[in-house]
Amino acid sequence: APVLRRYRPRIVVMDVQMDEYIRGRYRGGFSGLEYIPVGVDLSRLSGGDASMARERHGFGDAPLILSLGHVIPLRDRVALAEAMPKVLSEFPSARLVVVGHVYYDLFLRRARELGVESAVTLVGAVTKADVPNYLAAATVEVHDLQGYGMGTATLESMAAGVPVIVAVRPDNFPGIDLESGKNCVLVPVGDVEAIAGALIHLLGDADACQRIGQNGRELVREHFGLEAGLERHLRVLEAMTSPVPQC
């Protein structure tokens, strides 16, 4: 009669950071790893009203650098604030728009020290229904700059067709290619000059923004939609529980 397989558990991981942590922390305690990235609800990210966000804050047609998500030490925005003087020297009307609670305000103090605080708008937390309006208004989105992986907010920005600047490895999601200049813009961790250069490039090149935004949207739709994640989970569960002949 068939019996269930008996082996050490297989572990589902989302990205290369989790992979490396588990391999180091639980060496020998699992039979294998399955790579299933976080899922994104694509249906709620389209159809945003850019004018709603722009009129609410009086942005007009200024280039908007959206930074989506709560400000915490792991995503502190300090390098982003330090990049703003160079960005503003090329695009004086540009605005850095931070959507989320500020739990760690070092970036704001740096902006004040550098004389660019007036170009920073702190929106605070908004409802999920309001997020697509800010995404629709954004020229570019950037907040994952400290090498801790690509968070859900970045994937949501990509799903909305907004080009993103991130400091992650190209293999952040095993089996999924992040290609700088194609579906995102990759910068080295802590490289303020590279961040400023990437921002200036995108703010000044509408065609590049459209191309990278579109490719990013397709990447997320293919690999990170909820249905794709569900299918991967079901395949793993089926493999883990399928019976084998008894010896």
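The values are calculated or read from the model by the stated rules, or taken from the named source; none is laboratory data. Computed from a prediction, not measured in an experiment: that's the story for all the values here. As a convention, Cβ positions derive from the backbone with ideal geometry for all residues, glycine included, and neighbour counts pool all protein chains shown. Note: areas computed on protein heavy atoms with side chains; ligands, DNA, RNA excluded. Shrake-Rupley method; radii C 1.70, N 1.55, O 1.52, S 1.80 Å.
Quick look at the numbers
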{"read-out": "Filter result (closer than 18 Å to L202 by Cβ and of a type in the set (V, I, T)) within the stretch 147-177", "value": "T154, V162, V164, I165, V166, V168"}
{"read-out": "Residue that is nearest to A94 (Cα to Cα), among those in the stretch 177-211 that are surrounded by fewer than 17 Cβ atoms within 10 Å (Cβ to Cβ) and among the hydrophobic types (A, V, I, L, M, F, W, C)", "value": "A206"}
{"read-out": "Count of residues meeting criterion [crowded, with 20+ Cβ neighbours inside 10 Å and within 8 Å of the chain's Cα centre (by Cα)] in the stretch 150-176", "value": "9"}
{"read-out": "Verdict on S43 being out of contact with any Pro (no Cβ under 7 Å at 6 or more places or on another chain), open to solvent by less than 60 Å² (accessible area, probe 1.4 Å) and hydroxyl-bearing (S, T, Y)", "value": "no"}
{"read-out": "Members of the stretch 216-228 that are within 17 Å of the chain's Cα centre (by Cα), more than 14 Å from E141 (Cβ to Cβ) and open to solvent by less than 50 Å² (accessible area, probe 1.4 Å)", "value": "L219, H223, F224, G225"}
{"read-out": "Answer from V140, V98, V87 - the residue that is within 24 Å of E218 (Cα to Cα) and crowded, with 23+ Cβ neighbours inside 10 Å", "value": "V140"}
{"read-out": "Number of the exception - G115 against (1) closer than 25 Å to N215 by Cα; (2) in contact (Cβ under 8 Å) with a residue 24 or more places away in the chain; (3) part of a loop (DSSP other than H, G, I, E, B)", "value": "(1)"}
